[in-house]
Amino acid sequence: MFKSFFPSPKLFFWSFALWSLVCVLTWFFFGEQLGQHLSFGGLFGYEYLIPPPSAPAVGTEAVEPAVNPGADFWFYQYMFYCYALFIGVWLYFSPHKWARWSVLGTALIIFVTWFQVHLDVLINDWFGSFYDAIQQALAKPNSITADDYYGQLLTFGQIALIAVTLSVFTRFFVSHWIFRWRTAMNDYYTSLWGRVRHIEGASQRVQEDTMRFSTIMESLGVSLVDSVMTLI
C-alpha cells in the first residue's frame, strides 16, 4: 500500500524522521542565531533585531514576536530551506510516478497541520490576554478603552478567519491526496492482476481494501500528525 505511492517507503519515512530531528536540533543549538546573517526579511521590511544582552531570557521571549518580526520571518525561511532540501533530494534521486503527490503533498500536509497547531496556540494566548483585559476592566472601571476591547475582538477575528480558511483548504487537499493514493494502489494491484486473478473475489477485495485503507488514513492519519505536532 505504501510502496505504490511513496518512493522507497521505509527509507522515505525514516529519512523524514531523522531529517526532522536534525532540523529541530540545528534550530535550537545555532540555527536561530543565524537569522541575523542569513535572513531575507530585510528585503521585505522585516529586519532581524538582535535582543540586547542585558535583557532577561524570559522577558525577551515574551516580547520577541512584537518587537522582532524578523525572527518570525527567519523561522519560516528556515523551515522553507529544510522542506525544500528534503523534497529536492527525494525528487531528484528517487523519481516516482506519484512523487509530486506523495512527497510534495505529504510535506504540505505536515506543514499546514503544524501551522494549524500554531494558530491554536495563538487563539489560546488570545483568550488569556482578552480575559485579563476583561478582569482588569471589571476591577478598575475605565482602565480599558473601547478601542482596546474592539482591538482584541479584531485580533481574534483575524486569527479565526485564517484558521477557518486553512481548515477548509486542508480538508479539500487531504481528500484529493487520499484519492491519488487510492488511485496509486489500484494501479499497483492492477499491475499484479495476473498473479491474483485466480483468487476468489480479488477485484472486490482490491476495491474494498483500498477504500477502507484510504478512509482510515483520511480520518486517523491527519489526526495523528496533529496530535504529534501539538505534543511537540
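Take the Cα of ILE159, step 7 Å toward its Cβ, do the same at PHE2, and the gap between the two points is 3.6 nm.
Just name one of GLY128, LEU224, ILE178: the one whose Cα is farthest towards the positive end of the charge dipole of the chain (beta-carbon charges, Lys/Arg +1, Asp/Glu -1). The residue sitting farthest along the positive end of the dipole is ILE178. Against the main long axis of the alpha-carbon atoms of the chain, helix 146-191 sits at an angle near 10°. With r as the distance between the Cβ atoms of PHE28 and LYS140 and R0 = 41 Å, compute the FRET efficiency 1/(1 + (r/R0)^6) and round to 0.05. With a Förster radius of 41 Å, E is 0.50. Counting only alpha carbon atoms, the long axis of helix 202-216 and the longest principal axis of the chain meet at about 10°. Taken one residue at a time, the phi angles of the range 8-14 give Karplus couplings (6.51, -1.76, 1.60, θ = phi - 60°) of 6, x, 4, 5, 4, 6, 5 Hz. Gly and Pro are set to x.
With a sphere of radius 14 Å drawn around the Cβ of VAL117, what net charge do the other residues whose Cβ falls strictly inside it have (Lys, Arg +1; Asp, Glu -1)? Intermediate values should be presented prior to the final figure.
Working: positive: none; negative: ASP120, ASP125, ASP226.
My count for the surroundings of VAL117 gives -3.
Any read-out appearing in this document is the output of simple, stated calculations on the displayed coordinates, not a laboratory observation. Since this is a predicted model, take the numbers as computed values, not measurements. Using ideal geometry, Cβ is built from the backbone for each residue, glycine included, and neighbour counts are taken over all protein chains shown.
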